[in-house]
Structure formats: structure tokens, C-alpha cells
Protein chains: 4
Amino acid sequence: MSQSIVALLHGPDRPGLVAQVSNWIWQQGGNILHADQHRDEEAGIFFQRVEWIPAPERLDRDASEFKALAKSLGMEVKVRDVEQQLKVAIFVSKYDHCFHDLIVRWKSGEMPGKLEMVISNHEDLKDSTLGYGLDFYHFPVSRDTKAEAENAELELLNARGVELVILARYMQILSGDFLDQFAHPVINVHHSFLPAFAGANPYRQAYQRGVKIIGATAHYATEILDEGPIIHQAVTPVHHRHTLKDLVRKGSDLEKIVLAQAVRWHLSSRILTYQNKTVVFD
Amino acid sequence: MSQSIVALLHGPDRPGLVAQVSNWIWQQGGNILHADQHRDEEAGIFFQRVEWIPAPERLDRDASEFKALAKSLGMEVKVRDVEQQLKVAIFVSKYDHCFHDLIVRWKSGEMPGKLEMVISNHEDLKDSTLGYGLDFYHFPVSRDTKAEAENAELELLNARGVELVILARYMQILSGDFLDQFAHPVINVHHSFLPAFAGANPYRQAYQRGVKIIGATAHYATEILDEGPIIHQAVTPVHHRHTLKDLVRKGSDLEKIVLAQAVRWHLSSRILTYQNKTVVFD
Amino acid sequence: MSQSIVALLHGPDRPGLVAQVSNWIWQQGGNILHADQHRDEEAGIFFQRVEWIPAPERLDRDASEFKALAKSLGMEVKVRDVEQQLKVAIFVSKYDHCFHDLIVRWKSGEMPGKLEMVISNHEDLKDSTLGYGLDFYHFPVSRDTKAEAENAELELLNARGVELVILARYMQILSGDFLDQFAHPVINVHHSFLPAFAGANPYRQAYQRGVKIIGATAHYATEILDEGPIIHQAVTPVHHRHTLKDLVRKGSDLEKIVLAQAVRWHLSSRILTYQNKTVVFD
Amino acid sequence: MSQSIVALLHGPDRPGLVAQVSNWIWQQGGNILHADQHRDEEAGIFFQRVEWIPAPERLDRDASEFKALAKSLGMEVKVRDVEQQLKVAIFVSKYDHCFHDLIVRWKSGEMPGKLEMVISNHEDLKDSTLGYGLDFYHFPVSRDTKAEAENAELELLNARGVELVILARYMQILSGDFLDQFAHPVINVHHSFLPAFAGANPYRQAYQRGVKIIGATAHYATEILDEGPIIHQAVTPVHHRHTLKDLVRKGSDLEKIVLAQAVRWHLSSRILTYQNKTVVFD
């Protein structure tokens, strides 16, 4: 397989964008594998994901020169060699269903990223992590030590070059400071179909409200809890015979699937965010 | 087909309830067609729907004597001859998709109730209603005339013996007084997966929040808007290419299906309510 | 709104197709509204749907000149002014749920085509059709008269310029001769999730096999019954309490939705077919 | 928690069955926790699942005496102490997604059975099995040694008292002789929405047919491949951008969920079979 480049662009819509981008790639001898674009007509924004195989002699230049092209078109852009996989850390607490699910998927080759480490505020999943042959770091968090723990986590993440954090039912809220300083995306899974049942105990809330459908939501974490851009959601029907425990069990399957799908899309450079929403080029 | 009786019971759980109910029917020579029960263990409440064909000579007595039995067991009960179909009124404004859908279903024989009339605060659907061969009543509603209009509606509903009101995208909020005085169930359809996006413009809210799933909810109307017991919900996936107009169109199909299903369940005596939730014996 | 043009292209994949198409439109002063493409890597085929607003002075020339461009790129192409809506005929027999559903959608403005007529082998839906203000044509079909009836239908369809036939639970099989001579697409709805339960009585087949999910399929009709390219499918869960009659009722809702969606996609020039499959640019 | 008993009955329908069963339990001082029944009106068969807490002094007698009662009512019956969990063996080949999924669920306490061993015709999953702390048995299968291997497997299963075999993407077909001699249920997962795409390579078949929905099916294995009673099915939409590899990945998630759910229902004595169909008391 030849090495390909993937770019995500967005910016003010104007005539000729598709032509100019595709033309440039063609003229440099590149071969477009996938090109997907979207216009938000209300917002007047243009979005594009384009993946191409550069001409062999231009392997080192296409990425940087494409950035210049995008800038000249007034677009923000992220460009990545597809072979340069993102480095990832998983944060967990005690719930282990998303943890096991993600790692088994990683081992099966399904996740196009480099899993660097598991970080937890508890030691419950230490042995399992080591059993999977992965590094485990324990940062206990209490109200008094939270800032300190987050600093230590940031130092570790930076030292290892982590570019994506996955909150796999991590039961601590990351501070705005952490998110600012990490400066890379953080994907969280919330166990309800947001915006319904944000906050604590969503399954209990759903049970008490008597809904007939429960869900799970994967979203980018922002400073405001459960309000970041939604990447993916899944739901399943429930009925009066289902107990709270049944809701938790059924919901766990949804959490696993939406989180894994959201992470896979992110690692494949398929997601753009704007105005607290996402464009997902599936 | 022999004439059958259907009873809905609920009350404090205690041993022997299933035995005593089924025994009584058997001893009177009745033949149970369906018996479905449920226990809410947290709440300690027992629920049952039982349908049986009484012995021919007891056609006139089983219903009333069963009420006495239920009372002696500490149960609240509703008993109905299946042939005595409920009388129904549909309230509409200008949106007509649920209106046409319900009436076409009624004409096809799918809805086990008697459709008595259509009531509207506008005249837009008058001709269509008359074209379907149904009575149409127009009660304009303004802030000043609301109480007066509701009184006139109540008088009409009572005069015609209406036992169920369906709000088929009716754009007025029925007052608590109306609901109290009508004293029969009112089924509403809300165009979101409640409790998300209660209130006005739910599709606009969903579009702005960037959800990946939209829904519709049929529920019993209570004095608090969009907070009554949920009967049925349905959802469908959406993505970034879908405009607000697409959401409205896709949601309309959900609204039709959840409302029709909820009404059909109610007309078949399949729904019990408690603690702002429903038990639906499907 | 300015008048737009929509083109559907497909042909052997080769480098530069996206660039050359988008460039041509840009150079003629056109403004691309939507451009969606797909490559089937196994088959080596490129597909594109592109919609643009031509420069005002080129309104009469863009469509025909674009065809020449596509030909020069080795592509097959269909080009259409979006305002030139396709003319449509609905074929029905006695089942009326898809019939009413389609026509109510048409009257609500949801279907971007011109509904020319209803054709039936029975007279059951004549009054309803006339009540909707539409033309009704009755062509009884028996084994002996089938060829004759089809010829009369073809003559009528041609005389009226019909470009799409919708089989809305039409209970006759159109002959290969009819399909050849009509030479326009025919969309059928089959009441199962094809390829399961092709042929007669699919709900009965599904009931007897004890499936836990039933479905409906909209597809282009071909000479081989129920084997044409699938456009859309929808399913719903069923369980042991559901009778055959329940399956029919639940399935009817699916049939309505998949058929309406498939027709809307076709009328919006969103579907390409190849190798008995479809590409749907939704 | 008190110890409860669960019974599954079915037989010719006749008046008084619900009354006689519930009465008997009540008269022995038992307390019914759940009672769910079903009548197949076409077939004239009555089905019941009833779970009760016997009076303390009757712990040893209720189960056996209930069997006599059922027999006197003309019913076939299976009775089980809920604490007596079924013994289970998992058969695997090389695909490991259902294997890992089942075992992680078992370890989380979600599966009410005793996992006795993993059996495989390959050694690929030996280390993983041992890593989970489970017994692993390797029985290579070739055309010539199949009968011999099956005999050895049967001997092992009998020796360990296994009462349920799960085929977790086991790539060998069990012979009718094996099924007869094992004489306990075998649950298989097939990677299509049966009856569509039975046999080999269902994802390839689905891809080539161009379906818009793929699925997975859990069913009891019978001598005729992929034709046993269906327990559970799940589906997910696909579109033209999905490659065969995408179908395999998306389908794997369905396989895991339907197989785990089917096994959990079986272990909870919730499934009755008749006429190649299932009644599932969920």
C-alpha cells in the first residue's frame, strides 16, 4: 500500500473551493482516494475531508505545501500522514466494560492509533492493564489533590506525546485548566442520550422518568460537563419489566459501541467540530 | 367471536394475587384469553391485565362482580367489555400529518375505538375532516378566550360521551382545569425524545445541539407541559447533512407512528399508569 | 432561489476526475452547491452526484455541455434541471396504506415530482383517487389479457410522458417486456427484508420461520422478481406475542416509510445503480 | 435472598391452566415472583414461565411435586432451582471477538451460569483462555477425524456435566449424531439476519447483494445448518461507502450482543421452543 495523506479543512464557504483543492492535488501528481465535503448553508461554512496518495517524489512536501494552499483559501486545516498514528491514553476508574472492550478492539487491530498507557484514579484495573501488556499509571484524586494530580498527568501525557485522551467511564471531571493545557481532544462517553439525563446517575434518572428508550453518547469533553460536541449516539428500547440493573447492563453495551466508534472516527481523521457540533465524514 | 372482558388491576403486591384472580374467573366458567402481570419490586406494586370470555349465562354479571373481587383484594380496577369501544376526539391545529395518518388508520379498521369528532382552534383542516365524513368543530383560542373555549369544548365532549382526547400536534396547551374537568385521559405527541427538548421548537433545539438521533414521544398530558407519563418513544439517526427541514420531515414519520401506537394500546386497555410512569402490556 | 442543475455520473475510475469536473463548473462561472462522490475500489468504478447553480447567461448551455464533458471523461451521465420535476404514475391494487401515504405526502409538498395518475387492476381505489383530485385508470389483468393490458398501460404512460412508475403494493408482476419498453425506472416495495422471504406471502413466511425482526424493502423492479437493486430497507423487532395480523400491521408502517424514502431519493436524483446494487447520495 | 424455583411449561391449551398452576403454588405457601404466559392461538399451545419462592419447609419438595402437577395438566415441564446454575462450554475456532466478549461478561458477573471450559479445533486461543484462568481443550478436526473428535468432545462434556454448548463463531458444523448424543441445547451465532445469507461467507453475500441492513442471529443448532429456532436477532444499517471489511467489523458488534443476550436468556430459563420457533419470556 502506498502512503496516503489525509486533510481536514473548514472555513468560510466561497465558490471554487472543491475545484481548487482537487486541482492542486491533481497538478502535484497526487491521486485522490476519498473526498467528502459539506456546506452548512445556515452558517456559511465549508468542510472537507480529502485523502490522497502523493506522487512518490513529493512524499515529503505535499503535507506542508497543502497547509499553505489551505491557508491561502482562508481555511483552517489539519494534515496527517495516515501512517503517523495518533498516540492515545485511556483514563479509567473502576467500571471496566469500556476498558476491556477498547483494549480487545485495539489488540484485534481495529483501532488505527497507538495505545500508550492506561491512567486511573484507582488501582482496581492495574493487574488487568499489566496483563494486557500495557503501562498503568495511578494518580489518586481527592478534592485537595486534584490540581496536583492533573499536573502530574499532564506532565506524563506531554512526556509521552499523547494526542488523544479517552475517558472510558472515568469518574472524575477534568478541570478546564487540564483541558486547556492538554490542548488535544478528550473523548468522553456519557451513559444517556444527551442532552437528556446529563450529570450524575443517568440510568437512575431514566428509570425514574419512565422513558421507553435509553442511550449512550460519545462527545468531546469541554469545560462544561456533558455539553461538548456530540460525536455519536446509540439507543435501545426498554420496557416496564426492565429494572434499574437491566438498564445499566443494556446501556453498557451501548457505551462500548458508541465510544469505540467515536474513537475510531477520530483516529481516522473523520471528525470536524464547529459551533459545539460535529461533522463526521463516515 | 365470543364477547370478551378486559380488566386492568393494580395495587399493593401480596401473595396469591395471580391465583385468586385466575381462580375466580375459572370458577365462574370463564376462559382466560390473555393474562399478563408485572411487579414493581422497588415500589411493591402489582399490575395485571387479564382478558377472558365469560360463561354465556354470566355475560351481564362478570364485569361488575369482578370489580367487587378486585376491591376485596385491595386493587384498583378498570373493567370493560371489549366490544364497548371508547369514544374518541382528535384535537388538531394546522399540522396535518398525524391527523391524516390517524384517520386513514381508523378507516382501515386498525384503531379499536369510535372516532366521534375533530376539534380545532383553526379552520384549516375543516374541509379535509368533512371530506373524511367526520364532524368538525372550530373553537378559536386566544389568551382572552381560552377559558371560554375550553368550557365549550368540555361541554361538547361530555355531551358526546368522549372518553379519550388525542392531541395530534394540537398547538395549544390544555389547562389544568380542563384536564381535571374532562377527567378522562388525554394523549399528546411531543416531537422529541423526552425529557430532551421539552417545550417549544424541539427540532430547532435538536438541530442546534447537534444530536445524532432525533425522536418523538407519546405521553399522557398532565398539567405540567411535556412531563406526563411516557407511553411510547421512537427515534431515528440523523447526521450533519440533515437540515432543520430534514429533521422536521424525518420526525414527522416518528410522530405518526408513536402516536398511533400509543392510542391503539390505550384503546385496547393495555396501559396502566403509576408514579408518572406507564406499564404497557404489549 | 436560483435554478440549479444536478448531474449523476459514473464510469471507470481514474486520477483527476473530481478535479476536472469541479474545475469545469468553476470555470463556467457555476457555483457548486453539493458534490458527493464514491469509489468502489473492488470494482474500480467512480460515482459522483454534483449540483450547481450555473452562471445566469449559461442557463441554457451548462446541462448539454456538461454531458459532453462527462462523455470526454469516459463517464455515463444523467443531467437534469432541478425544476424539471419527473412525472410519476402510481400502480395499486387493493391494499391502500402505501397509496394513501404517498398521496398525503405528495399533497404536503414532500415529494419533488409531478404525480400524473393512479393506475390499478381493480376499481377499489377509484373513488379515493378521484377524491384526491387525481386521474384514475383501470386496467383489469387476467392471464389471458395481461399482454394487452400492459400495452394499453404503456401507451398511456408514454402519452403522458411518465418517467417513473411506483408499485405501491401492486399485486401483479410486470413482464420483462413491459420493463424493457417502458425504459424508465420502476420502484417496488416488497414486504420483507430481502433477500429473505422473496415471493408470495412474506409475512406468513416470516411468522412461520419465527424471525425476531421483520422488514420492508424498496427496490428497482427487474425482470427477476424481488431481485432488483435494493434502494432502502427498514426493520422492526417482533416477538412471540405478535400474531400474523400484528406482523402485517407493523410491516405496513415500514412499507410506507421505505417506499416514500426511496421515491424521494429517486426524484431528487440521488441514486445510481450498478452491478445490481445502488449508491444513494443521501 | 431466598432461594427460588423456576419452571417452564408448555402443552395443549385448555381452560383453567393459569388458575391451577398459580393456585397450587399459593396453596403450598409459595410466593410467585414472576409469572408469564402465552397462548399460540393458531397452534392451540399454552406456554408458561413461573418463578416462585417456596415455603421454607418445602424447599426440597416443591420442584419434584410441581413436575407431577404439570404432568397431570398434560404439560411438558422443566424445573430448576435458580441457584443451580447450568454448566457451560464455549466452542471457538480462530475468530475471537465473541470469545473475549463472553468471557469478560462472565467475569463481570453478568452471565448466570458456570463456565466450565473452552474447546477449540485450533490452538490460537489457548493462551488467552489460560490467561482468563479457564480450562482449554484442543480437538483438531479434519474430514477423516471428525467423528473421532466429536466422540472425544462428547466424553469430556459428559464427564464434566456440561448442559449448554455455545458456538462462539466455531467454524465446524456439529453432526446430527453429536447433537443427538449431547442431548442438551447448543446455541450458535450466525453472522446474518437469517434466513437471509445462510451458509458460508454471509458478509460477502450481503455485500454482493447490496443490502442496506446487515444482521446477526443467535439460534439453537439443529442438524440442518442455520435452520434451528431463532432466539434473537439484531441489525444495523449499512450504505455504499461500507466495504466488506466494514461489514465484518460492524457485524462483529451485533454477533457479540445477540449471542450474549441469547445465552443469558437461556441460562435464566426464559426460552421455550416449539415448531422450530422460540417463545422468549424477557
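The values are calculated or read from the model by the stated rules, or taken from the named source; none is laboratory data. Computed from a predicted model, the values in this text were never measured in an experiment. FYI the Cβ positions are ideal-geometry reconstructions off the backbone, even for glycines, and counts take in every protein chain you see. Ligands, DNA and RNA are stripped out before the accessible areas are found, and what is left, the full protein with its side chains, is counted by its heavy atoms. Shrake-Rupley method; radii C 1.70, N 1.55, O 1.52, S 1.80 Å.
Partner shielding of A:234-247 amounts to 4, given as the average count of beta-carbon atoms from other chains within 10 Å of each residue beta-carbon.
Starting from the label point of A:Glu41 at 7 Å along Cα→Cβ, the same points in the other copies fall at 3.4, 5.0, 5.4 nm, in ascending order. Sorting D:Arg264, C:Arg61 by accessible area puts them as C:Arg61, D:Arg264; the probe is 1.4 Å, largest comes first, and only protein heavy atoms count. Taking 7 Å steps out from each Cα toward its Cβ at C:Gln172 and D:Leu33 produces label points 6.2 nm apart.
Label points for A:Glu57 are taken 7 Å from Cα along Cα→Cβ. From this copy to the others they lie 4.1, 10.0, 10.7 nm apart, shortest first.
Placing +1 on each Lys and Arg Cβ and -1 on each Asp and Glu Cβ, with no other charges, gives the protein assembly as shown a dipole about its Cα centre of roughly 0 debye.
Charge dipole of the stretch A:39-84 (Cα centre as origin; +1 on each Lys and Arg Cβ, -1 on each Asp and Glu Cβ, all else neutral): 120 debye, rounded to the nearest 20.
Using +1 at the Cβ of each Lys and Arg and -1 at the Cβ of each Asp and Glu in the stretch C:99-190, identify which of C:Pro140, C:Val104, C:Asn158 lies farthest towards the dipole's positive end. Working it through, the farthest residue towards the positive pole turns out to be C:Val104. As a fraction of the 1.4 Å probe accessible area of the protein assembly as shown, surface on carbon and sulfur atoms comes out at 49 percent. Taking every residue in C:30-37 and counting other chain Cβ atoms within 10 Å of its Cβ, the average works out to 5. Calculated mean residue ellipticity at 222 nm for the protein assembly as shown: -10000 deg cm²/dmol, from DSSP H runs with n ≥ 4 weighted as -39500 (n - 2.57), summed, divided by the residue count and rounded to 500. Applying the criteria of a DSSP loop state and at most 14 other Cβ atoms within 10 Å to the GluC sites (Glu not before Pro) of the stretch A:113-156 yields A:Glu123. Do any trypsin sites (Lys or Arg not before Pro) in the stretch A:117-156 lie in a DSSP loop with no more than 14 other beta carbon atoms within 10 Å, and if so, which? Filter output for the stretch A:117-156: A:Arg143. Taking the alpha carbon gyration tensor of the protein assembly as shown, multiplying each eigenvalue by 5 and rooting it gives semi-axes of 47, 41, 31 Å, largest first.
Residues D:Met111, B:Met171, ordered by accessible area of protein heavy atoms at a 1.4 angstrom probe radius and largest first, appear as B:Met171, D:Met111.
Within 10 Å of the Cβ of each residue in C:216-225, the mean number of Cβ atoms contributed by other protein chains is 1. Looking down the axis that turns chain B into chain A, the chain B residue with its beta carbon nearest that axis, and the gap rounded to whole angstrom, comes out as B:Ala196, 2. In nanometers and ordered shortest first, the copy-to-copy spacing of the C:Arg14 label point, defined 7 Å from Cα toward Cβ, is 3.3, 8.1, 8.7. The alpha-carbon of D:Lys114 sits under 19 angstrom from the alpha-carbons of these aspartates and glutamates, leaving out residues fewer than 8 places away in its chain: D:Asp81, D:Glu83, D:Asp101, D:Asp135, D:Glu153, D:Glu155, D:Glu163. Under a model in which nothing but the beta-carbon of Lys, Arg (+1) and Asp, Glu (-1) is charged, chain A shows a dipole of about 860 debye around its Cα centre. Think of a 1.4 Å ball rolled over the protein heavy atoms: the stretch D:5-81 then has 43 Å² of accessible area per residue. Look at the dipole of the stretch D:183-282 built from charges on Cβ: of D:Leu225, D:His184, D:Ser252, the Cα furthest out on the positive end belongs to D:Ser252. If R0 equals 51 Å, the separation of the Cβ atoms of B:Asp124 and C:Asp180 corresponds to a calculated FRET efficiency of about 0.65.
The amide H of B:Asp13, built 1.01 Å from its N in the peptide plane, has B:Ile45, B:Phe46 as neighbours under 5 Å, considering only residues 5 or more places off or on other chains.
Cross-link reach is defined here as a Cα-Cα straight distance under 29 Å, omitting same-chain residues fewer than 8 places apart; for D:Lys71 the lysines meeting it are D:Lys87, D:Lys277. A simple spin-label model places the labels of D:Thr145 and C:Asp135 7.5 nm from each other, with each point 7 Å out along Cα-to-Cβ.
Total buried accessible area between A and B, probe 1.4 Å, nearest 100: 2800 Å².
The calculated FRET efficiency for B:Glu65 paired with A:Glu65, based on their beta-carbon distance and R0 = 56 Å, is about 0.05. Taking square-rooted eigenvalues a ≥ b ≥ c of the alpha carbon gyration tensor, is the stretch C:175-282 rounded, prolate or oblate, where a/c under 1.5 means rounded and, failing that, a/b exceeding b/c means prolate? Here the stretch C:175-282 falls in the prolate category.
For the stretch B:7-73, GluC sites (Glu not before Pro) meeting the loop criterion (DSSP other than H, G, I, E, B) and having at most 15 other Cβ atoms within 10 Å: B:Glu41, B:Glu42.
Among beta bridges from DSSP that stay inside the stretch A:87-280, the antiparallel ones total about 50%. Take the Cβ atoms of C:Gln85 and A:Arg241, set R0 to 56 Å, and the FRET efficiency comes out at 0.70. Most simply put, the protein assembly as shown has about 70% antiparallel DSSP beta bridges, counting only bridges with both residues inside it.
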